[in-house]
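The values are calculated or read from the model by the stated rules, or taken from the named source; none is laboratory data. None of the values given here were measured: they were computed from a predicted structure. Note: ideal-geometry Cβ built from the backbone for every residue, glycine included; neighbour counts use all protein chains shown.
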Amino acid sequence: MLVFAWCLGASQMGYFSREEWLSAVGKVGDVTSEAELKERVGSIHKSSLREPEALRELHRFAHKFCREDRKKNIDVGSACIMLQMLLAPLYKEHVDSLSRYLEQHAEVGKRGVSLDEWTMLLQFCREIDPDCDNFQDDGAWPLLLDDYVEWRREQSAQGGAAGAEGAEGKSRE
């Protein structure tokens, strides 16, 4: 549904205007059945996973699409769901770990994820190894990702998954 909304250029979750619906013909093509529409949208999604620019556009659209009213950030629950849908097929280990981090840290939960942080999450997944060994502390990453890498390294030092379970509920404040 997210990919279809992206094709439509939908401005609001759950609602499609007539103009948005008609604009989809350019991206989706002229379809005559629900099954054909599902197939085309699935094909567009698979294609976006292979094309970096298309994935970047879809990723940015997801942030805008998930924002409530005039808020600038999306809530952590929505961010985690969108990360699973958009990036898990390519970066599963990163997405699982990032989602755990976002859900466990109250500070992020209170403010949500900004567009800049959201955009950099995709870049981070593309450039940084899942174990974060190639992360440069002096890079130009948002504080959220600096803090995530610090947390990730602490989890690795504590023994990986066992350390992650023991750190649940802790907040870096």
| task | Check ILE74 against each of (1) out of contact with any Lys or Arg (no Cβ under 6 Å at 6 or more places or on another chain); (2) closer than 30 Å to GLU127 by Cα; (3) modelled with pLDDT of 85 or more and name the one condition it does not meet. | result | (1)
| remark: Per the filter on segment 119-141, residues of a type in the set (A, V, I, L, M, F, W, C) and either closer than 21 Å to ARG50 by Cβ or in a loop (DSSP other than H, G, I, E, B) (or both) are LEU121, LEU122, PHE124, CYS125, ILE128, CYS132, PHE135, ALA140, TRP141
| query | Which of (1) surrounded by 15 or more Cβ atoms within 10 Å (Cβ to Cβ); (2) of a type outside the set (Lys, Arg); (3) touching a residue at least 24 places away in the same chain (Cβ under 8 Å) does GLU20 not meet, given it meets every other one? | reply | (3)
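Select from segment 30-47 the residues that are of a type in the set (S, T, N, Q) and in a loop (DSSP other than H, G, I, E, B) and write down the one among them that is nearest to MET1 (Cα to Cα).
Here the answer is SER33.
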| remark: The correct count of residues that are free of Cβ contacts under 8 Å to residues at least 24 places away in the same chain and not aliphatic (A, V, I, L, M) in segment 78-96 is 5
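Answer yes or no as to whether GLY77 is exposed (fewer than 15 other Cβ atoms within 10 Å of the Cβ) and of a type outside the set (A, V, I, L, M, F, W, C).
So GLY77 fits the description; yes.
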